[in-house]
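Engineer: Structure provided below as structure tokens; questions to follow.
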Amino acid sequence: QVQFVESGGGLVQPGGSLMLSCAASGSLFSFYAMVWYRQAPGKQRELVAGMASGGFTKYADFVKGRFTISRDIAKKMVYLQMNSLKPEDTAVYYCNGVGSSWLPRDYWGQGTQVTVSS
């Protein structure tokens, strides 16, 4: 079972930037794609971004043009560069792996807290 450990979260002002990191315990090729989800208090967990091994990416409409997902296969790392952050981006961010259906495994790590506030 591949495990993921998220890091890089913190407190940032609106309009600021933050880079999240996800360290995998196994090969990223164990999955069709890697994804970032987030969950705000009182809200459902939602897909933020994903990148397939073949290079295909997808982004939620609310982050297009602001967030960029990337990966380093050799280092077994996945990243999420977040720019122009808004207060509504405040949430716990999680990484996970998905199959070709783009549905995440029903196993989540602790995530990393991102708080956007002035």
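The values are calculated or read from the model by the stated rules, or taken from the named source; none is laboratory data. On a predicted model such as this, the values are computed, not experimentally measured, just so you know. Heads up, the Cβs are rebuilt from the backbone with ideal geometry, glycines too, and the neighbour counts pull from every protein chain shown. The protein model used for the area step is the full one, side chains on, heavy atoms only, and it has no ligands, DNA or RNA in it. Shrake-Rupley method; radii C 1.70, N 1.55, O 1.52, S 1.80 Å.
Engineer: To two decimal places, what compactness ratio does region 33-118 give when its Cα radius of gyration is scaled by 2.2 N^0.38 Å?
Structural biologist: Computed over Cα atoms of region 33-118, the ratio equals 1.06.
Engineer: Set the Förster distance to 35 Å, then compute FRET efficiency between SER101 and ARG66 from the Cβ-Cβ distance, nearest 0.05.
Structural biologist: 0.85
Engineer: Could you work out what % of the accessible surface of the chain is carbon and sulfur, using a 1.4 angstrom probe and leaving DNA, RNA and ligands out of the count?
Structural biologist: 50 percent
Engineer: Separate question: Give the average over all directions of the projected area of the C-alpha convex hull of region 1-62, one decimal, in nm².
Structural biologist: Mean projected area of the Cα convex hull: 5.6 nm².
Engineer: Just need the relative contact order of the chain here, percent rounded to a whole number, with Cα pairs under 8 Å and 6+ apart.
Structural biologist: 37 percent
Engineer: Could you list the trypsin sites (Lys or Arg not before Pro) in region 1-85 that lie in coil according to DSSP, counting only those with at most 14 other Cβ atoms within 10 Å of their Cβ?
Structural biologist: Answer in residue order: LYS43, LYS64, LYS75.
Engineer: For LYS76, which aspartates and glutamates qualify as cross-link partners when the Cα separation must be under 20 Å and same-chain residues fewer than eight apart are set aside?
Structural biologist: GLU6
Engineer: Taking the highest mean first, how do the peptides 106-115, 92-101 order by number of other beta carbon atoms within 10 angstrom per residue?
Structural biologist: 92-101, 106-115
Engineer: Excluding ligands, DNA and RNA, what is the solvent-accessible area per residue of region 1-106 at a probe of 1.4 Å, expressed in Å²?
Structural biologist: 51 Å²
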